[in-house]
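What follows draws every value from the coordinates through simple rules; no lab data is involved. The model shown is predicted, which means the values in this text are computed figures rather than measured ones. Counting neighbours? That spans all protein chains shown, and the Cβs are built from the backbone with ideal geometry, glycine included.
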Amino acid sequence: MCGIIGYIGKRNAPDIVIDALKRAETRGYHGFGVAVSTGNKFEIRKKGGEDCLGDFLELVSKSLLPKSSYAFGHNRWATHGTPEDRNAHPHLSQSGRLAIVHNGIIENYSVLKNTIEKETGVSLKLISDTDTEVLVNWIEYVQKLSKLSLKEAMKSALENVEGTFAFIVASLDEPGVFVGAVRGRTMRIGVGEHEGEKEFFIASEVYPFSHYTQTYVVIPSHKLISVTKDGYIVEDTRTGLVETPELKKLEITLHATEKGEYKYWMDKEIHEQPRMIENVLQGRVDLRDKSVILGGIKEYEKDLANASILHIVAHGTSFNSALLFKYWCEAIAGIPVNVELASEFRYRKTLVSNGSFVIGISQSGETADTIVALEHAQELGATILGICNVEGSHMSEMTDAGIFLRAGRELGVASTKTFTAQMAVGMMLSLHLARIKGVLPEGSYQELFEELQSLPLYIEEVLSLDNPNIKLALELLKNASSAYYIGRGVSYPIALEGALKIKEIAGIHAEGYAASEMKHGPIGLLDKHMPVVAIATSSSQIDKMISNIKEAQARKAPVIALVTRGNPNNVPADIHIELPEVREEFSPFINILPLQILAFRLALMKGKNPDKPEGLAKSITVE
């Protein structure tokens, strides 16, 4: 994900922008930059490369920027162009009179470049490899032809631009003005006051400016904006109508964006999970009649319960949580669920139509593939619902209804607490739909409801355990080049998630499998150098799981097994990690915890920063 931040107000704008860029530094970036207008030119400081924030901060400290009431900056995750200085944003037009920062992708940038060169007879001398530099030159080209203001020229230029994007442009000829455009993305305008005067922030997300103001508006797709020290104007690019977005209030406490006693965000977020689950449940469970309350989908809950099938689109960790929802919804509520990678759903013929429900799951609410898939479903007439963690995100604004995770801000690039929150929401939704349908015996419903209430205690118990066998497991895994994670039933998605975490954080190749699938090919790679992590806590399929473990041991593969305390099922393994006993349906909440901890500690053992895994970003905003 790339991040835009702009400021207009009484404070020194470059300081505000640089501070905001620092606040977003955990998100997985390959470039940082800031631009300030002196009136005659733009002063730009930028650095590109892996983990380049320190270099950028050193650059701006040694090469002081002029004081100004307005400035803007950018965090870049490499898409077009490699991670190096010349590809970092901001970018200038050929004349140097326009500067731009941009999120997203311009799909027809080569067409735009060729058009400029053909019409002017002059080759563009581009400094970067980015589509963004072509875009700012296209805007300048259209403005010179039309002799219009920057805003009007941008409106005209966008008619020939293909892609999904959010960007802001500043011009030396119109000082103190930001003009921005959004298509297939969102931006936010923060609205504040300092020393009795208005101030405005323009950003990709609210958190970079949350220390200055928590009041903001969301700028959804197909909008053109202009911002000055006096206010902002939002115009729909399709209708030309001026709109007045609703002012929103960010519900966030500042301590949620501080590490406190923890050195790493990932460690902090793993240990926040008991309190996070309490927050997810708060106000959503009625203890008197033991029912689940999900106000965000109330308008559609009966239709959801009576649906012939529910479709879910997601990626990565969110996809793994969707698989768990499939298991629970089908077993508890009796509703079939189709789970599909959003990128595959969008680009094939689907059976979604009027009356269908399509649910998108995304931590950020900005995942490009998921957003595009939901838009496609909407075009086909489906009702679209969102499950995400970020207020004011693209998904939260575009969907017909949805459920916020309430996990609090997750700053570690690899999801931990939001995965657990997604699981909690999936279980709650399954229980809620089951009760509406009346398909679950009351006794079974009550047992599941009671177990749901106990989740924070179970999670806290696991996190407080100082299991010496985790250290043994770390020693076994640290020198491995590959590993298998296996599970059955609801443990299969946990095997996928455990393998994903060790890949993301520790840089060890790992594959998650349904345990029965191992003998359909993967078993051929097993030997004494290939550890197997088996999720073998008590379940209805434990006997078959034990057979799969013995198959691995017969090929001399070392086995690390998650087992129920006391190992009542006599699961064979080289290392046993014992966990408290819970109902099988809730075992994913317990089993994922040691796998998150293993990935985190392995990263440290291998000298890696678990908060900023190489080559990964917190949110993927291009397809």
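With only alpha-carbon atoms in the gyration tensor, what are the semi-axes of the equivalent ellipsoid for the chain, in Å, largest first?
Details: eigenvalues 408, 148, 103 Å².
Largest first, the chain gives 45, 27, 23 Å.
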Checklist line | For the stretch 91-127 versus the stretch 527-545, the gap between their alpha-carbon centres in whole angstrom | finding: 56 Å
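Please work out whether the stretch 139-216 counts as rounded, prolate or oblate from its C-alpha gyration tensor, where a ≥ b ≥ c are the square roots of the eigenvalues and a/c under 1.5 means rounded, while otherwise a/b larger than b/c means prolate and anything else oblate? Can you show the working numbers first?
Working: a/c = 3.83, a/b = 1.63, b/c = 2.34.
Oblate.
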Margin query: Tell me which of Ala377, Ser343, Ile436 sits at the most positive position along the dipole axis of the chain, charges placed on C-beta atoms (Lys, Arg +1; Asp, Glu -1).
Written below: Ser343
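By how many nm would the segment from Asp466 to Glu299 grow when fully extended, if each residue of separation counts as 0.36 nm and the alpha-carbon distance is taken off? Spell out each step's value before the answer.
Numbers: separation 167, 0.36 × 167 = 60.12 nm, distance 4.59 nm.
Here the answer is 55.5 nm.
Rule-of-thumb check for the stretch 258-464: C-alpha Rg over 2.2 N^0.38 Å?
Details: Rg = 16.7 Å, N = 207, 2.2 N^0.38 = 16.7 Å.
Against the empirical 2.2 N^0.38 Å value, I get 1.00 for the stretch 258-464.
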Next item on the list: Take every DSSP beta bridge with both residues inside the stretch 258-464 and express the antiparallel ones as a percent of the total, to the nearest 5.
Entry: 10 percent
Checklist line | Pairwise FRET efficiency - Glu379 versus Asp173, Cβ, R0 = 35 Å, nearest 0.05 | finding: 0.30
Notebook entry, point to check: Given only helices, namely DSSP H runs of n ≥ 4 each adding -39500 (n - 2.57), what is the per-residue ellipticity at 222 nm of the chain, to the nearest 500 deg cm²/dmol?
Noted result: -10500 deg cm²/dmol
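With Rg and the Kirkwood Rh both taken from Cα atoms, where does Rg over Rh land for the stretch 3-250? Please report the intermediate quantities before stating the final value.
Working: Rg = 16.8 Å, Rh = 17.9 Å.
Reported Rg/Rh (Cα atoms, Kirkwood Rh): 0.94.
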Margin query: If a paramagnetic tag sat 7 Å from the Cα of Lys198 along the Cα-Cβ line, which residues of the stretch 217-242 would have the backbone N under 17 Å from that point?
Written below: 217-219, 225-235, 242
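For the stretch 22-149, divide the Cα radius of gyration by the Kirkwood radius and give the resulting Rg/Rh value with two decimals. Before the final figure, lay out the partial values.
Values: Rg = 15.1 Å, Rh = 15.4 Å.
Taking Rh as the inverse mean 1/r over Cα pairs, Rg/Rh reads 0.98.
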Check: When the Cα centres of the stretch 372-391 and the stretch 403-438 are compared, how far apart do they sit, in Å?
Finding: 17 Å
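State the Kirkwood hydrodynamic radius of the stretch 203-299 in Å, one decimal place, computed from all pairs of distinct Cα atoms.
On the way: mean 1/r = 0.0572 Å⁻¹.
It is 17.5 Å.
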Check: Where a ≥ b ≥ c are the square roots of the eigenvalues of the C-alpha gyration tensor, would you call the stretch 15-87 rounded, which needs a/c under 1.5, or, failing that, prolate if a/b is larger than b/c, or oblate?
Finding: prolate
Check: Over the stretch 125-258, what per residue volume does the convex hull of the Cα atoms give, in whole Å³?
Finding: 148 Å³
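Based on alpha-carbon atoms only, what is the radius of gyration of the stretch 361-504 relative to the globular estimate 2.2 N^0.38 Å? If you can, show how the numbers build up before the last one.
Working: Rg = 18.5 Å, N = 144, 2.2 N^0.38 = 14.5 Å.
That works out to 1.27 for the stretch 361-504.
Which of the peptides 441-448, 300-307, 220-227 is most tightly packed, and how do the rest follow, going by the mean number of other Cβ atoms within 10 Å of each residue? List each step's numbers first, then the result.
Details: 441-448: 12.9, 300-307: 15.9, 220-227: 20.2.
Listed from highest to lowest mean packing, they are 220-227, 300-307, 441-448.
Gain in length, His529 to His509, computed as 0.36 nm per residue apart minus the alpha-carbon separation, to one decimal in nm?
Working: separation 20, 0.36 × 20 = 7.20 nm, distance 1.29 nm.
Extra length from His529 to His509 when fully extended: 5.9 nm.
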Margin query: Exceeding 29 Å between C-alpha atoms, which entries from my cross-link table qualify? They are Lys259/Lys606; Lys155/Lys612; Lys326/Lys612; Lys46/Lys249.
Written below: Lys155/Lys612; Lys326/Lys612; Lys46/Lys249
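Once the piece of chain linking Ser343 and Lys10 is laid out straight, how much longer is it, given 0.36 nm per residue of separation minus the C-alpha distance between them? Numbers along the way, then the final one.
Working: separation 333, 0.36 × 333 = 119.88 nm, distance 4.44 nm.
Result: 115.4 nm gained on full extension.
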Checklist line | Residues Asp131, Asp466, Asp236 arranged by fewest to most Cβ contacts within 10 Å | finding: Asp466, Asp236, Asp131
Item checked: Asp51/Asp129 FRET efficiency (R0 22 Å; Cβ-Cβ; nearest 0.05) -> 0.60
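Arrange the following residues from fewest to most other Cβ atoms within 10 Å of their Cβ: Leu525, Leu53, Leu431. List each step's numbers first, then the result.
Details: Leu525 14, Leu53 19, Leu431 25.
By the 10 Å Cβ count, ascending, the order reads Leu525, Leu53, Leu431.
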Next item on the list: Pairs of Cα atoms under 8 Å, at least six residues apart: use those to get the relative contact order of the stretch 227-384, whole percent.
Entry: 16 percent
Next item on the list: Averaging over all projection directions, find the projected area of the Cα convex hull of the stretch 249-333 and quote it in nm² with one decimal place.
Entry: 8.5 nm²
Note to self: Which residues does the label zone of Lys67 cover in the stretch 159-201, counting backbone N under 19 Å from a point 7 Å along Cα→Cβ?
What the structure shows: 176, 194-200
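Provide the packing ranking of 290-298, 531-539, 166-174, 325-333, i.e. peptides ordered by the mean count of other C-beta atoms within 10 Å per residue, highest first.
Numbers: 290-298: 16.0, 531-539: 26.2, 166-174: 22.6, 325-333: 21.0.
Order by mean packing, descending: 531-539, 166-174, 325-333, 290-298.
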Check: Roughly how many nanometres apart are two label points built 7 Å out from the Cα toward the Cβ at Asn306 and Ser540?
Finding: 2.9 nm
Next item on the list: Apply the Karplus parameterisation 6.51 cos²θ - 1.76 cosθ + 1.60, with θ equal to phi minus 60°, to every residue of the stretch 286-303 and state each ³J(HN,Hα) to the nearest whole Hz, in sequence, with x for glycine and proline.
Entry: 9, 6, 6, 9, 6, 10, 9, 10, 10, x, x, 10, 3, 4, 10, 4, 5, 5
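Sorted from fewest to most neighbouring beta carbons within 10 Å, what does the list Glu272, Glu584 look like? Before the final figure, lay out each step's value.
Numbers: Glu272 21, Glu584 17.
In increasing order of surrounding Cβ atoms, one gets Glu584, Glu272.
Quick one: work out the % antiparallel among DSSP beta bridges in the chain, nearest 5. Can you show the working numbers first?
Working: 67 of 104 bridges.
Here the share of antiparallel DSSP bridges comes out near 65 percent.
Using a Förster distance of 60 Å, how high is the FRET efficiency between Arg565 and Glu159, based on the Cβ-Cβ distance and rounded to 0.05? Don't jump to the answer; show the numbers that get you there.
On the way: r = 65 Å, r/R0 = 1.08.
After rounding to 0.05, the efficiency reads 0.40.
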Margin query: Over all directions, how big on average is the projection of the convex hull of the alpha-carbon atoms in the stretch 468-605, in square nanometres?
Written below: 7.0 nm²
Checklist line | Under-5 Å amide H pairs with His102, H placed in peptide plane, nonlocal only | finding: none
